[in-house]
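A.B. asks: I'd like to ask some things about the structure below.
Every read-out reported here was derived from the displayed coordinates using simple, explicitly stated rules and does not represent laboratory data. Bear in mind that the values here come from a model prediction, so they are computed numbers and not experimental data. Every residue, glycine among them, receives a Cβ derived from its backbone with ideal geometry; neighbour counts consider all protein chains shown.
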Amino acid sequence: MANTISIILLILLGLSLVYVLVRTLKGNPIGRRIVFLYVAIAAAIPLFMDLEVPLPITTDVRNLYDALEKLPDGSKVMAAFDYDPPSAPELQPMAVAFMKYAFKRDFKIIIMGLWPQGPIQANMAIDEAMQDPEIAAKNLQYGVDYVNLGFQSGNEFVIQSMGTAFKTMFPKDYRTTPYDSIPLMRNIVNFSNIDFVMNFSSGEPGTIQWVQIAVDRFGSVLGAGNTAVQAPQVYPYLRAGQMVGLLGGMSGAAEFEKITAEKGKASTFILSQMIAHAIVIILILIGNVAYFSEKRKKK
Amino acid sequence: MKNSLADRSSGGIICAALITIFFFSGPLHSQEDLVSLSVKKIAPPSSLLATDHKYDNGNSISLSWVPSIDDALMNNPIVAYKLYRSSNDTEPNLIAELPPGSSYFLDNGVSTDNSYSYSVSASTNAYEVLSNRTESITPQSEWINYNKKYLFLMVMIISGAIMYFIVSAKRGKELFVRKIAGLEAIDEAVGRATEMGRPIMYIPGIQDMDDVQTIASLTILGRITRTIAEYDSKIFMPVARSLVMTAARETIKASYQAASRPDSYSDDMVNYITDEQFGYVAHVNGLMVREKPATVFLLGAFFAESLILAETGNSIGAIQIAGTARPAQLPFFIAACDFTLIGEELFAASAYLSGEPMQLGSLKGQDVGKAIAMFFVLLGVLAATVSAAWDIELFNNLLDNLNELFS
Amino acid sequence: MSLILARKEKRSSMDIGMFFAALLTLGIFSFLYKDNPVYKVCEAIFVGVSAGFWAITYFFDNIHKKFWLGVFPQEGDSPDYWLWGGAILGFLMLLRISNKIGWIARWPLSFIVGATAGLYMMLYFVSNALNQVADTMMPIVAYASDNSVLWLDTFGNFIVVLGVVTGLIYFFFSKEHKGLFGTGAQVGTWFLMITFGASFGYTVMSRMSLLIGRLDFLFGDWLGLF
Amino acid sequence: MRRNIPLAVTFVVGMLLIVSVFLPPIETIGEDFGVFFSIIAVFAFFLGGGNLIKVHFGKIMKKSNDWEFSLVTVVGFFAMLIIGLFKIGAPGDISTSVTAEGSYFQEMFVYLINPLQSTMYALLAFFVASASYRAFRAKNREATILLVAAFIILLGRTPLGMMLTGWIPESFSIFQVPNLAVWIMNSPNLAGQRAIMIGISLGVVAMSLRLILGIERTYLGGDDKG
């Protein structure tokens, strides 16, 4: 029912764009506010729909997934959360899907953040992953199966010092348990004991610092989830093989949800995004059609 | 555990331990099991060498060793190498665990006040065997880092070029500098505000004084306010950092003095809003639609807010001159502003506006830097391409040298 | 268990917090129509509360944690006398209030300017100039593992080198963009335009997801419509 | 004196940070500067925060236009200071972190600052659309290139691209929009980025030298009377 209404609304929205085209052609472009309204409607309607979007898996996502698949069950994985709530729409679905996948593979997860809000976002992701019945049945223990070391200020210097010993930067976890009393950390000194580092990042400090220090100096294996804005800046490192793979923006998140079969919010959001995207593209097209017809008239 | 490790003949103890395990693990094991277990005992890593890491502040020691001969590709019994360090002959501590195949480690956790000795063990899932312990070593601190000699050379060449042109410009050598549209437009933009009787808004980005872009912005501010003071226009400048507020006030005050209008200056021109990125943006947006400045300058370090500010400025019909060194934000300024300074132009702007020969000379020096960069790019591409295709020794050597130069 | 669960329960009981959050969200969105009193209230709250938030955060992080615990450390550690330097410079900054000796505030300012200039000069030189030049020094012709030429990658490499060189030509200040040099600069601007277009295209996607996140909050978390 | 001391300070500090890169005993001086800076910044906050209060109190006292909103700002600021300094609602004793789970300070962040932040950020979705509609016209060759690049990335980063060009046979797969988008990101975009980065670093080197050598001194004022 909701689907039918939504689809009808979307068709109406499309038809009204024809009107916009006609108006713009007559040299009377629509105002800012109408553009705003289009964006709001285009982004909102699909949230009420339940449609499967056919999604091809891009190479960067597949490479990341393959690298994760190659890890033996029970591997020690560090998850670094370097973002805050404004970037959560893109990164949180990635984090949730990653946590679900990792818990199902029995990875031992060590969480930390170079952004103050990062470890809080991590807790939310764990929270959500735990609601999966298969994971809940595992009865995972804090401190044994996963640990949250919390936030540490100092940007890239934190990673630098962690190269010697994690303990220097994280003498206690976020619950103020001393490092040495955490069962999971007992045999972990520094990056040499970590099999994989996954970084969720929306800026700096973030993936670039992880590449430059953890990968280049300490030889870690790194995968990352980035906002769409950050992703282009990371491409040079991806291309140079300093990272095994990358989830870029919402489509990266949706693809990751698909390839790990952990359907989540990104799979819903991606439809909203596609339609909002389409609106922007159509508006640019209308603008240009109008521009050229005007130019021809002048000739 | 620790005692057995400190013991150099730990092999015997491990054997004994295995025998003990065997006897306590019940009657299922036969005599063959015991034999196969003791035969499988792995060889320890050997030739452990601890040397002072050169050219540092005495805070690292490099360790290298020959991996155990049992460290094989297939069916590797070794799961890790464990490094132990004893400082001033106290109990050894585990400092690192490295994957099989490792033969090198840089220990950054030392200081010149102590002496250290090391041992490394190869460990399987069941036991570990220890290498000999190294002699005691005290790390040394050096004064000069010779590893960075090429970096020093490069810095000297580039700075030398810049200074050479500064000096030659000072001696009166004529220099050509191409027009930068965004900067040519400043006079007109300030004049327009004066004519319309509306104020000028200046936004120096949202970063603090420890970002070079903010400093570049303030140097431009100094030039622009000079013009503003001469036209007797009004400027207001909301800022996101207290330090920037203080520095901007100094800058504007100085410009008003230089324009012989010290009485027109007031501290109210610059106000601190909040350090919070979007809190600042919320306020600046409101200010824009309420004060309706005729001209808006957006010069400095901008992040996501670039488009919010530029679009709001556009909606009130202001002339906008923007510039930033953040590539990701440049497209938004280009879309919503009248003029945009791209990257390097932001840092050159103050020198350009000053029109002083010495400042312009430094721009010429920058160009020499670009020419050098282009030269090395082309030379490196040539060397790498030829050396990959035909393996000619001359080009191989050239490539090696270039790689060392840029390492 | 625990903290996370405890917070969760609290969260669902924090309807009032949720209500305020939704109100503020709508208030900010109202600016899209036009400036109005609701937006002004949101703006005023945002400025006041966030300025206070950062004041407190700076106080605990910098003054308490870095300075105070540095010069008066807990037993066992030796005090870091160096830090007094920062405090003295900070104090000199405060002299700005005085009309007579306010000019002394320029000392800490010039300290900061000098340090930032020196620090960033080396940082940018190494990470932006040297590393980028070194990364571009690559073989143009790309080979597959069986030694056949990968034409597409080769073309890509050629484009990278061409783009870097012509892009740099565009930035030349002391030579007029004329003749062959002018053509180079022209090609350089095309590369810059592609870069800007690509960044823009990539960014649109990210920005849309921010809006989707807010709508998800309004319709989902707050109103519970899905 | 008023002018020469600051110039000397800039010179000495700047040079020290440059040479520190080559001298191991002082190579960490850049980090020490970071700590210095954060201490000075807090002192400066007394000036900034003081200014904020002064401006808004002034408006309230004079009952000038929109003084009610100034009142909101001032109340918000002081409320945050009090909640933070006394760690109201924070579990445990005074030594717990001000941002500890459950403290009012944290709650204010979650329910006031967070939604405001996220919503301001989300405004970008609307502005991206209006800027695209208005400004992205193929007016000349540069604008056309920018537009085309943006378009390919826009299409390529969503499933739309695959739907439109998925029919292109595998041997020409580079012309499928998603692959084309990746190619643009990796080749011409990378080239443009590198040219910009190299240019920036040379710009920073030259500006730093001008500052350190005292050629650029606008931030210090024009004459000695200052």
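A.B. asks: Hey, fewest Cβ within 10 Å first, where do B:Tyr116, C:Tyr81, C:Tyr143 land in order?
C.D. replies: Numbers: B:Tyr116 22, C:Tyr81 9, C:Tyr143 14.
Going from least to most buried by this count: C:Tyr81, C:Tyr143, B:Tyr116.
A.B. asks: How many times 2.2 N^0.38 Å is the alpha carbon radius of gyration of segment B:240-368? Numbers along the way, then the final one.
C.D. replies: On the way: Rg = 16.1 Å, N = 129, 2.2 N^0.38 = 13.9 Å.
Expressed relative to 2.2 N^0.38 Å, the Cα Rg reads 1.15.
A.B. asks: Decide, for chain D, between rounded, prolate and oblate: order the square roots of the alpha carbon gyration tensor eigenvalues as a ≥ b ≥ c, take rounded if a/c falls under 1.5, and otherwise choose prolate if a/b is larger than b/c, else oblate.
C.D. replies: It comes out oblate by the Cα gyration axes.
A.B. asks: Would you list, by chain and number, the lysines whose Cα falls below 19 Å from the Cα of A:Lys138, excluding same-chain residues fewer than 8 positions away?
C.D. replies: Reachable lysines: A:Lys76, A:Lys100, A:Lys104, A:Lys108.
A.B. asks: Nearest 0.05, what FRET efficiency do B:Ser103 and D:Trp167 give at R0 = 51 Å with Cβ-Cβ as r? Walk me through the intermediate numbers first.
C.D. replies: Working: r = 53 Å, r/R0 = 1.04.
The pair B:Ser103/D:Trp167 has a calculated efficiency of 0.45.
A.B. asks: Considering every residue in A:102-111, what mean count of other chain Cβ atoms within 10 Å of its Cβ is obtained? Intermediate results must be reported in sequence, preceding the final value.
C.D. replies: On the way: counts 0, 0, 0, 0, 0, 0, 0, 0, 0, 0.
Partner Cβ neighbours, averaged per residue: 0.
A.B. asks: Now, a different point. Cα-based Rg of segment A:180-299 per 2.2 N^0.38 Å, rounded to two decimals? Show your work: numbers first, answer last.
C.D. replies: Values: Rg = 21.2 Å, N = 120, 2.2 N^0.38 = 13.6 Å.
This ratio for segment A:180-299 stands at 1.56.
A.B. asks: Excluding residues fewer than 8 places away in the same chain, name every one of the aspartates and glutamates whose C-alpha is closer than 19 Å to that of B:Lys234.
C.D. replies: B:Asp187, B:Glu188, B:Glu195, B:Glu250, B:Asp263, B:Asp267, B:Asp268, B:Glu291
A.B. asks: If you line up the Cα atoms of chain C on their principal axes, what length do they span on each, largest first, in Å?
C.D. replies: Answer, in whole Å and largest first: 64, 60, 46 Å.
A.B. asks: Just the ratio, please: alpha-carbon radius of gyration of segment B:225-271 over 2.2 N^0.38 Å, N its number of residues.
C.D. replies: Numbers: Rg = 10.0 Å, N = 47, 2.2 N^0.38 = 9.5 Å.
Rounded to two decimals, the normalised Rg is 1.06.
A.B. asks: Based on the mean of other Cβ atoms within 10 Å per residue, sort peptides C:203-212, A:210-219 so the most packed one is first.
C.D. replies: On the way: C:203-212: 28.3, A:210-219: 19.1.
Ranked from most to least packed, the peptides come out as C:203-212, A:210-219.
A.B. asks: At what distance in angstrom do the alpha carbon centres of segment B:90-166 and segment B:319-363 lie from each other?
C.D. replies: What the calculation gives is 43 Å, centre to centre.
A.B. asks: Using only helices, what value at 222 nm comes out for chain B when you add -39,500 (n - 2.57) per DSSP H run of length 4 or more and divide by the total residues, to the nearest 500 deg cm²/dmol?
C.D. replies: Values: 13 runs with 195 residues, N = 407.
Estimated from H runs of four or more residues: -15500 deg cm²/dmol.
A.B. asks: Given +1 on the Cβ of Lys and Arg, -1 on the Cβ of Asp and Glu, and no further charges, what dipole in debye does the protein assembly as shown carry about its Cα centre, rounded to the nearest 20?
C.D. replies: Here the size comes out at about 3920 debye.
A.B. asks: Put a dot 7 Å past each Cα toward the Cβ at D:Asn4 and A:Leu37; how far apart are the dots in nm?
C.D. replies: Modelled inter-label distance: 7.0 nm.
A.B. asks: Using the Karplus equation 6.51 cos²θ - 1.76 cosθ + 1.60 (θ = phi - 60°), what ³J(HN,Hα) coupling, rounded to whole Hz, does each residue of segment B:232-246 give in order, writing x for Gly and Pro?
C.D. replies: Karplus-based 3J(HN,Hα) across segment B:232-246 equals 6, 8, 9, 10, 9, 9, x, 10, 9, 9, 4, 5, 5, 4, 4 Hz.
A.B. asks: Hey, another quick one. Cut-off is 10 Å between beta-carbons; in what order do C:Glu75, A:Glu257, B:Glu393 appear when sorted fewest neighbours first? Show your work: numbers first, answer last.
C.D. replies: On the way: C:Glu75 4, A:Glu257 26, B:Glu393 8.
Fewest-to-most Cβ neighbours within 10 Å comes out as C:Glu75, B:Glu393, A:Glu257.
A.B. asks: Can I ask one more? Taking the Cβ-Cβ separation of A:Arg105 and B:Asn93 as r and a Förster radius of 45 Å, what is the calculated FRET efficiency to the nearest 0.05? Before the final figure, lay out each step's value.
C.D. replies: Numbers: r = 32 Å, r/R0 = 0.72.
Once rounded, the FRET efficiency stands at 0.90.
A.B. asks: Also, quick follow-up: What ranking do C:Cys42, B:Cys337 get, fewest neighbouring Cβ atoms within 10 angstrom at the top? Intermediate results must be reported in sequence, preceding the final value.
C.D. replies: Numbers: C:Cys42 29, B:Cys337 26.
Starting with the residue having the fewest Cβ neighbours, the order is B:Cys337, C:Cys42.
A.B. asks: I've got another one for you. Using label points projected 7 Å from each Cα along Cα→Cβ, tell me how many nm separate A:Ser153 and A:Tyr291, to one decimal.
C.D. replies: According to this spin-label approximation, the distance is 4.7 nm.
A.B. asks: How much length is gained if the chain between A:Glu52 and A:Val144 is pulled fully straight, taking 0.36 nm per residue apart and subtracting their Cα-Cα distance, in nm to one decimal?
C.D. replies: Working: separation 92, 0.36 × 92 = 33.12 nm, distance 3.74 nm.
Here the segment from A:Glu52 to A:Val144 would lengthen by 29.4 nm.
A.B. asks: With θ set to phi - 60°, apply the Karplus curve 6.51 cos²θ - 1.76 cosθ + 1.60 along segment B:340-348 and write out the HN-Hα couplings as whole Hz, x wherever there is a Gly or Pro.
C.D. replies: 9, 8, 9, x, 4, 4, 4, 7, 8
A.B. asks: To continue, here is another question. What dipole magnitude, in Debye to the nearest 20, does segment B:175-355 give about its Cα centre under +1 on Lys/Arg Cβ and -1 on Asp/Glu Cβ?
C.D. replies: Details: 14 positive and 21 negative charges, 56 e Å.
It comes to approximately 260 debye.
A.B. asks: Nearest 10 degrees, 0 to 90: what angle lies between the long axis of helix A:59-70 and the longest principal axis of chain A (Cα atoms)?
C.D. replies: In chain A, helix A:59-70 runs at an angle near 20 degrees to the longest axis.
A.B. asks: Can you pull a Stokes-Einstein diffusion coefficient for segment C:138-226 at 20 °C (1.002 mPa s), Rh from Kirkwood over Cα pairs, as a whole number of µm²/s? Could the numbers behind the result be given before it?
C.D. replies: Details: Rh = 16.9 Å.
Answer, rounded: 127 µm²/s.
A.B. asks: Toward the positive end of the charge dipole of segment C:138-226, about the Cα centre and with charges on Cβ (Lys, Arg +1; Asp, Glu -1), which of C:Trp190, C:Ser145, C:Ser174 goes farthest?
C.D. replies: With unit charges placed on the Cβ atoms, the residue in question is C:Ser174.
A.B. asks: Taking every residue in B:95-104, how many Cβ atoms of other protein chains lie within 10 Å of its Cβ, on average?
C.D. replies: Values: counts 4, 8, 6, 5, 4, 0, 0, 2, 0, 0.
Rounded to a whole number, the mean comes out at 3.
A.B. asks: Something else now. Write down, largest first, the equivalent ellipsoid semi-axes of segment A:59-263 in whole Å, where each equals the square root of 5 times an eigenvalue of the alpha-carbon gyration tensor. List each step's numbers first, then the result.
C.D. replies: Working: eigenvalues 98, 83, 50 Å².
Listed largest to smallest, the semi-axes of segment A:59-263 are 22, 20, 16 Å.
A.B. asks: Sticking with this structure for a sec: Normalised by the number of residues in segment B:71-185, what is the relative contact order in percent for Cα pairs under 8 Å and 6+ residues apart?
C.D. replies: On the way: 122 pairs, mean separation 23.4, N = 115.
Reported as a whole number, the value is 20 percent.
A.B. asks: Could you tell me the calculated FRET efficiency between C:Phe72 and A:Ala137, based on Cβ-Cβ distance and R0 = 60 angstrom, to the nearest 0.05? Don't skip to the answer; put the middle values down first.
C.D. replies: Numbers: r = 52 Å, r/R0 = 0.86.
Using R0 = 60 Å, I get an efficiency of 0.70.
A.B. asks: Could you work out how far the C-alpha centroid of segment B:205-274 sits from that of segment A:1-45, in angstrom?
C.D. replies: With segment B:205-274 and segment A:1-45 each reduced to a Cα centre, they are spaced 44 Å.
A.B. asks: Please compute, for peptide B:150-159, the average count of beta-carbon atoms on other protein chains lying within 10 Å of each residue's beta-carbon.
C.D. replies: On the way: counts 1, 6, 3, 0, 5, 11, 0, 0, 8, 9.
Shielding by partners across B:150-159 averages 4.
A.B. asks: Here is a follow-up. Which order do the peptides A:101-108, C:192-199 come out in when sorted by mean C-beta neighbours inside 10 angstrom, highest first? Don't jump to the answer; show the numbers that get you there.
C.D. replies: Details: A:101-108: 19.5, C:192-199: 27.8.
Most protected by this proxy first, the peptides run C:192-199, A:101-108.
A.B. asks: Longer than 29 Å from Cα to Cα, which of A:Lys172/D:Lys87; B:Lys170/C:Lys175; A:Lys297/C:Lys175; A:Lys167/B:Lys41; C:Lys34/D:Lys59 are they? Say none if no pair is.
C.D. replies: Details: A:Lys172/D:Lys87 21 Å; B:Lys170/C:Lys175 19 Å; A:Lys297/C:Lys175 40 Å; A:Lys167/B:Lys41 33 Å; C:Lys34/D:Lys59 23 Å.
A:Lys297/C:Lys175; A:Lys167/B:Lys41, as the Cα separations exceed 29 Å there.
A.B. asks: For B:Ser136 paired with B:Val289, estimate the spin-label separation in nm (one decimal), with each label point 7 Å from Cα along the Cα-to-Cβ line.
C.D. replies: With each label placed 7 Å out from Cα toward Cβ, I get 7.5 nm.
A.B. asks: May I ask for the distance between the Cα centers of segment D:142-172 and segment A:221-252, given as a whole number of Å?
C.D. replies: Using only Cα atoms to place each centre, the spacing works out to 20 Å.
A.B. asks: Moving on. Can you list residues whose amide H is under 5 Å from B:Ile200's amide H, if they're 5+ apart or on another chain and H is modeled 1.01 Å from N?
C.D. replies: Under 5 Å from the amide H of B:Ile200: B:Lys234, B:Ile235, B:Phe236.
A.B. asks: Return the aspartates and glutamates within reach of C:Lys178: Cα separation strictly under 19 angstrom, same-chain partners fewer than 8 residues apart disregarded; answer none if there are no such residues.
C.D. replies: Hits, sequence-local ones excluded: B:Asp367, D:Glu142.
A.B. asks: Now for a separate question. Treating each Cα of the protein assembly as shown as an identical point scatterer and ignoring solvent, apply the Debye formula and state log10 I(q)/I(0) at q = 0.06 Å⁻¹.
C.D. replies: Summing over Cα pairs of the protein assembly as shown leads to -0.51.
A.B. asks: Still on this structure, please answer the following. Which of the peptides D:108-115, B:204-211 is most tightly packed, and how do the rest follow, judged by the mean count of other Cβ atoms within 10 Å per residue? All intermediate terms of the calculation are to be shown ahead of the outcome.
C.D. replies: Details: D:108-115: 21.4, B:204-211: 24.4.
Most protected by this proxy first, the peptides run B:204-211, D:108-115.
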